[in-house]
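Input: a single structure, listed below in structure tokens.
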Amino acid sequence: ISNKNYWSLSLTITISIVIFLLFSLIQTIVLFFFIPENFSNIDPKILAYRHLGVISLISSVLGVFLLILFVKLKTPSIKDYLDISIPNLKITLFFLFLACFLMVMIEYVSDLFPDIFETDFVIESYKQANSLPLLYLGVVFFGPLFEELLFRGFLFKGLEKSFLGGHGAVFVSSILFSLVHIQYGFPILLCVLLPLSILLGYAKLKSGSILLPVLIHLINNFATCLLTHFEIYGSF
């Protein structure tokens, strides 16, 4: 892609922030529609847990739409800008192995230190969910799709094409990705999200395809939901 066909570093960061803020605003607006007439005794956090699937689904779809809109303002080729291509099989298998190994290690460490790594957000959003199929659709599929297209797609492109280069793009996008998930708490942010995000960044860098980090992100979220399900209910 030539310089004329992608946003500069400063504009990439600015647009990424704008998209994420609009994404967050959409989440708030969607939540507002679920507030009952007599809401004085209802905790907004519980309301968000109950409808997290729908909130994530709608905000992610609209977030992807906004992202594509900004790409189209610069170039007609969304596929080239966001690196939408089939990744090499050998690279895919290698990073899937690394991802599975990292997930197992994170689960092992979290079992050793449950007080440090336990988060109410995951457990409560699963227990309080009005619809588990919608939760899976929003959190396991559409949420990761939007986040990867934004962080390892659009933002990554601007960072990589700047003076930061590929390795700089991996670490800057990983830090920003971790910071926007601060609701999980600092220990999880530092010991879980940051390592996983760095792996996702290198999966993108080495494969040259956004589809690989999307796949790994989907698998991670699906595994997290399954583990949470067994932790709460013991079985299906």
(request) Using 0.36 nm per residue of separation minus the Cα-Cα distance, give me the extension gain between K127 and L98 in nm, one decimal. (result) 7.4 nm
(request) Would you work out the relative contact order for the chain, in percent, from Cα pairs under 8 angstrom that are 6 or more residues apart? (result) 28
(request) Could you tally the net charge around F94, taking each other residue with its Cβ under 15 Å from the Cβ of F94, Lys/Arg +1 and Asp/Glu -1? (result) +3
(message) Apply the a/c threshold of 1.5 to the C-alpha gyration tensor of the range 102-188 and tell me whether it is rounded, prolate or oblate.
(response) oblate
(message) Along the charge dipole of the chain, pointing to its positive end and built from +1/-1 on Cβ of Lys, Arg, Asp and Glu, which listed residue (V192, F23, C100) has its Cα farthest out?
(response) F23
(message) Set the bar at 18 Å for Cα to Cα. Now go through K72/K206; K72/K157; K4/K206 and name every pair that lies beyond it.
(response) K72/K206; K4/K206
(request) Specify whether the C-alpha gyration tensor of the chain places it in the rounded, prolate or oblate class, a ≥ b ≥ c being the square roots of the eigenvalues: rounded for a/c under 1.5, otherwise prolate if a/b is larger than b/c and oblate if not. (result) oblate
(request) Work out the length of the dipole vector of the range 31-147 about its Cα centre, built from +1 on the beta-carbon of each Lys and Arg and -1 on the beta-carbon of each Asp and Glu, and round it to the nearest 20 debye. (result) 600
(message) Classify the range 1-132 from the C-alpha gyration tensor, please: rounded if a/c falls under 1.5, else prolate or oblate depending on whether a/b exceeds b/c.
(response) oblate
(request) Considering Cα pairs under 8 angstrom that are at least six residues apart, work out the relative contact order of the range 135-218 and quote it in whole percent. (result) 35
(request) Go through the range 201-209 residue by residue and turn each phi into a ³J(HN,Hα) via Karplus (6.51, -1.76, 1.60, θ = phi - 60°); whole Hz please, and just put x for glycine and proline. (result) x, 6, 4, 5, 5, 7, 8, x, 9
(message) For the pair F222/I86, report the inter-label distance in nm, with labels modelled 7 Å from Cα in the Cβ direction.
(response) 1.9
(request) With only Lys, Arg, Asp and Glu charged, each at its Cβ (+1 for the first two, -1 for the last two), find how big the charge dipole of the range 148-236 is about the Cα centre; round to the nearest 20 debye. (result) 300
(request) Calculate the dipole size of the chain relative to its Cα centre from +1 charges on Lys and Arg beta carbons and -1 charges on Asp and Glu beta carbons; express the result in debye to the nearest 20. (result) 1060
(message) If each residue of separation counts as 0.36 nm, what is the full-extension length gain between E231 and T14 once their alpha-carbon separation is subtracted?
(response) 74.1 nm
(message) Once R0 is set to 35 Å, what does the formula 1/(1 + (r/R0)^6) return for the Cβ-Cβ distance between K206 and Q183, expressed as a FRET efficiency to the nearest 0.05?
(response) 0.70
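Bear in mind that the values in this text are calculations on the coordinates, not laboratory data. Small disclaimer: the values here were computed from a predicted structure and weren't measured. Every residue, glycine among them, receives a Cβ derived from its backbone with ideal geometry; neighbour counts consider all protein chains shown.
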